[in-house]
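The values are calculated or read from the model by the stated rules, or taken from the named source; none is laboratory data. Fair warning: this is a prediction, and the values are worked out from it, not measured in the lab. Note that we place each Cβ from the backbone using ideal geometry, even for glycine, and neighbour counts take in every protein chain shown.
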């Protein structure tokens, strides 16, 4: 799936997408990982840590990999021309597998995205709801009963 996404948008100028994805990744990881970029053959990506060491995503923890791919997805939504610009972003319990710190940082990025795009976030978990409301206090909360 990552390869298909890379192929699709590597055909044009993607420097803004990579730049935004790098900023988001740094924000999400509190500066532990500061940049991501395509490999020279554009068949994979390389991630740079705070010490300037580059490595492939396969060496990252599962939580950091999730943050990496989330960063790319949000960067595409923000910078790629006409990528579903009139459609809402639908998120269904995407924070569930993250630890508390990653969860809040990711919720804050979603709140930033919601300033530019409509974001619909679904969850049945109170702790996830509370996290979203902490990150986006003006978000509209809709409770559905079963």
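Could you please find all residues in the range 74-86 being at pLDDT below 90 and either touching a helix residue (DSSP H, G or I) at 6+ places or on another chain (Cβ under 6 Å) or within 19 Å of residue 20 (Cβ to Cβ) (or both)? Across the range 74-86, the qualifying residues are 76, 77, 78, 79, 80, 81, 82, 83, 84, 85. For the range 75-85, the criterion of a residue being within 21 Å of residue 114 (Cα to Cα), touching a strand residue (DSSP E or B) at 6+ places or on another chain (Cβ under 8 Å) and buried (at least 17 other Cβ atoms within 10 Å of the Cβ) is satisfied by at least one position. Of the residues making up the range 122-141, those that are loosely packed, with under 12 Cβ neighbours inside 10 Å and part of a loop (DSSP other than H, G, I, E, B) are 124, 125, 137, 138, 140, 141. So for the range 104-111 (the condition being part of a loop (DSSP other than H, G, I, E, B), under 15 Å from the mean Cα position of the chain (by Cα), outside the structural domain of residue 31 (by TED's automatic domain parsing) and within 16 Å of residue 24 (Cβ to Cβ)), does at least one residue qualify? Scanning the range 104-111 turns up no residue that is part of a loop (DSSP other than H, G, I, E, B), under 15 Å from the mean Cα position of the chain (by Cα), outside the structural domain of residue 31 (by TED's automatic domain parsing) and within 16 Å of residue 24 (Cβ to Cβ). On inspection, residue 94 passes the criterion of being modelled with pLDDT under 90, closer than 16 Å to residue 113 by Cα and in contact with a strand residue (DSSP E or B) (Cβ under 9 Å, 6 or more places away or on another chain).
Of the numbered criteria (1) more than 20 Å from residue 23 (Cα to Cα); (2) touching a helix residue (DSSP H, G or I) at 6+ places or on another chain (Cβ under 9 Å), the one residue 106 fails is (1). Looking only at residues in the range 1-40 that are at pLDDT 85 or above and in a loop (DSSP other than H, G, I, E, B), the one that is surrounded by the fewest Cβ atoms within 10 Å (Cβ to Cβ) is 40. In the set 89, 47, only one residue is farther than 15 Å from residue 18 by Cα and in contact with a strand residue (DSSP E or B) (Cβ under 6 Å, 6 or more places away or on another chain); that residue is 89.
Considering the range 48-71 alone, what residues qualify as being surrounded by 13 or more Cβ atoms within 10 Å (Cβ to Cβ) and under 20 Å from residue 94 (Cβ atoms)? Passing the criteria: 57, 60, 63, 64, 65, 66, 67, 68, 69, 70, 71.
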